[in-house]
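Input: a single structure, listed below in structure tokens.
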Amino acid sequence: MIRDTSAQDRLIQVKSGPKKKLLWIGGAVVAVVVLALIMPSISRLFSADASVSASRLAFATVQRGPFVRDIAAEGQVVAAVSPTLYATYGGAVVLQVHAGDTVKKGQVLAVIDSPELRNKLAQEQSNADGMEVAYLQAQIDARKKQSEMQKAYDNARIDEETASRDFDRYKTAYAGGGVNKMDVDRAEATLDKAKVTLEHAKNDLGLDSDSASFDIKAKKLAHDRQVLLVQDLQRQVDDLNVRSPVDGQVGQLFIAARATVAKDAQLLSVIDLSALEVEVKVPESFARDLAIGMNGEISGNDNTWKGVVSAISPEVVNGEVAARVRFDGETPKQLRQNQRLSVRILLDHRNNVLTVQRGSFVDESGGSYAYVVRDGIATKTPIRVGESSIDKVEILDGLKEGDNIVISGTDNFKNAQRVVISR
């Protein structure tokens with residue numbers, strides 16, 4: 001039987017040396033240092049309501065300096081004067097120009113053929129000529145009648161003077177016994193009759209003169225009325241030649257080259273390229289501060305021009321208000337209608353204003369609070385904001401220069417009072 005070596009084995013006790021003790025001491029020191037470092041973070045973590053990664057947030061620093069309120073938007077070049085021409089009378093239209101042609105003020109662009117209107121003008125002109133003849137004839141008749149009445153008056157006056165002299169002679173002769181009383185009475189009756197005739201002749205002369213004047217005036221008024229009718233018809237006939245109201249360029253043609261149209265039908269449009277403006281859409285929130293006469297800038301084609309707000313629409317469409325900005329000075333020649341340009345309108349400019357970069361925190365909180373970041377903790381702080389620009393918002397109360405705040409991503413905070421910003 002073979003025996004094992006168990007009888008020969010001997011337990012040897014190992015004693016701990018100085019190196020082992022040093023390792024334990026070093027480990028304890030490291031643990032203490034680590035705890036010292038992480039304790040503040042652990043304390044902040046337990047004192048906060050939530051924790052959000054900084055990568056999900058945007059920050060900005062409150063600064064003091066100039067504050068410029070402006071509106072920046074894309075605009076479209078439009079013609080300030082772009083009249084549309086209409087048919088003043090129905091008929092066949094012959095266009096004299098093509099779309100895009102350059103035209104001068106007063107140039108004939110289209111001709112409307114209307115035999116009915118031209119014939120009506122000829123008829124009314126003939127009536128006017130007839131009324132003119134009647135008016136002239138009334139003047140001649142009045143002069144003839146006046147002459148006859150004057151002649152009758154003159155004869156009656158002569159007869160009255162003759163009867164007066166005869167009556168005087170008879171009275172003298174009767175006083176001398178040369179004639180009897182009957183002859184004197186007869187002479188007196190003749191004188192009375194002559195006086196009556198003279199009085200009637202005088203009245204007839206005045207009445208006939210007034211009657212002739214009224215007749216002439218009536219004929220003249222009728223003739224004048226007819227002349228006005230003829231002038232209006234002549235104007236309508238002249239308007240059959242459709243002329244350009246401005247110097248410019250033919251825009252859109254609404255009819256074919258030869259077409260029959262009704263009255264008031266659209267024919268074509270003319271664009272005045274010497275008076276261009278830029279139309280922009282302004283958000284309703286900024287529109288209340290917009291006013292005619294405000295200065296602005298128009299940029300495009302590597303150029304910048306000064307502009308002035310010239311018109312503001314009184315209505316809001318889809319949350320926007322249409323406004324027009326005209327060029328302050330000569331209109332650039334290289335622009336074309338419907339071209340896109342950038343527009344910046346200056347609303348306000350102030351210095352030494354406390355501002356911060358604009359972010360979603362203004363809309364999310366209504367400008368009533370902001371999260372101020374200190375030592376990795378974002379604390380909800382009441383604030384009061386003022387005016388806003390495209391990229392900045394004015395701070396009236398609650399923040400000071402140098403404060404770092406969360407401007408975007410605060411919806412992740414769930415309205416917590418204190419939030420840890422983790423890295």
Conditions (1) over 30 Å from GLN150 (Cα atoms); (2) out of contact with any strand residue (DSSP E or B) (no Cβ under 8 Å at 6 or more places or on another chain); (3) among the aliphatic types (A, V, I, L, M): number failed by VAL246: (2)
Test set (1) surrounded by 15 or more Cβ atoms within 10 Å (Cβ to Cβ); (2) within 23 Å of GLN139 (Cβ to Cβ) - VAL179 fails condition number: (2)
Within the stretch 214-236, considering residues that are of a type in the set (Val, Ile, Thr) and at pLDDT 90 or above, the one nearest to the chain's Cα centre (by Cα): VAL230
Per-region count, the stretch 344-366, residues basic (Lys, Arg) and either part of a strand (DSSP E or B) or loosely packed, with under 14 Cβ neighbours inside 10 Å (or both): 2
Number of the exception - VAL278 against (1) surrounded by fewer than 16 Cβ atoms within 10 Å (Cβ to Cβ); (2) touching a Lys or Arg at 6+ places or on another chain (Cβ under 8 Å): (1)
Residue among ALA128, ALA73, ALA99, ALA54 that is surrounded by 17 or more Cβ atoms within 10 Å (Cβ to Cβ) and farther than 30 Å from ALA222 by Cβ: ALA73
Within the stretch 315-327, tally of residues that are of a type outside the set (Val, Ile, Thr) and surrounded by 14 or more Cβ atoms within 10 Å (Cβ to Cβ): 6
Check on LEU117, assigned to a helix (DSSP H, G or I) and in contact with a strand residue (DSSP E or B) (Cβ under 8 Å, 6 or more places away or on another chain): yes
Candidates GLN334, GLN236, GLN252, filtered to the one that is touching a residue at least 24 places away in the same chain (Cβ under 8 Å) and either surrounded by 19 or more Cβ atoms within 10 Å (Cβ to Cβ) or assigned to a helix (DSSP H, G or I) (or both): GLN236
Pick from the stretch 387-402, criterion under 25 Å from GLU284 (Cβ atoms) and surrounded by 16 or more Cβ atoms within 10 Å (Cβ to Cβ), ranking: farthest from the chain's Cα centre (by Cα): ILE395
From the options LEU121, LEU136, residue that is free of Cβ contacts under 8 Å to residues at least 24 places away in the same chain, out of contact with any Phe, Trp or Tyr (no Cβ under 7 Å at 6 or more places or on another chain) and among the hydrophobic types (A, V, I, L, M, F, W, C): LEU136
Residue satisfying all of: in the stretch 69-114; on the phi > 0 side of the Ramachandran plot and part of a loop (DSSP other than H, G, I, E, B); modelled with the lowest pLDDT among these: GLY100
Residue list for the stretch 340-367, filter: charged (D, E, K, R) and within 19 Å of LEU57 (Cβ to Cβ): ARG358, ASP363, GLU364
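The values are calculated or read from the model by the stated rules, or taken from the named source; none is laboratory data. Note that the structure is predicted; figures quoted are calculated from it, not measured. Note that we place each Cβ from the backbone using ideal geometry, even for glycine, and neighbour counts take in every protein chain shown.
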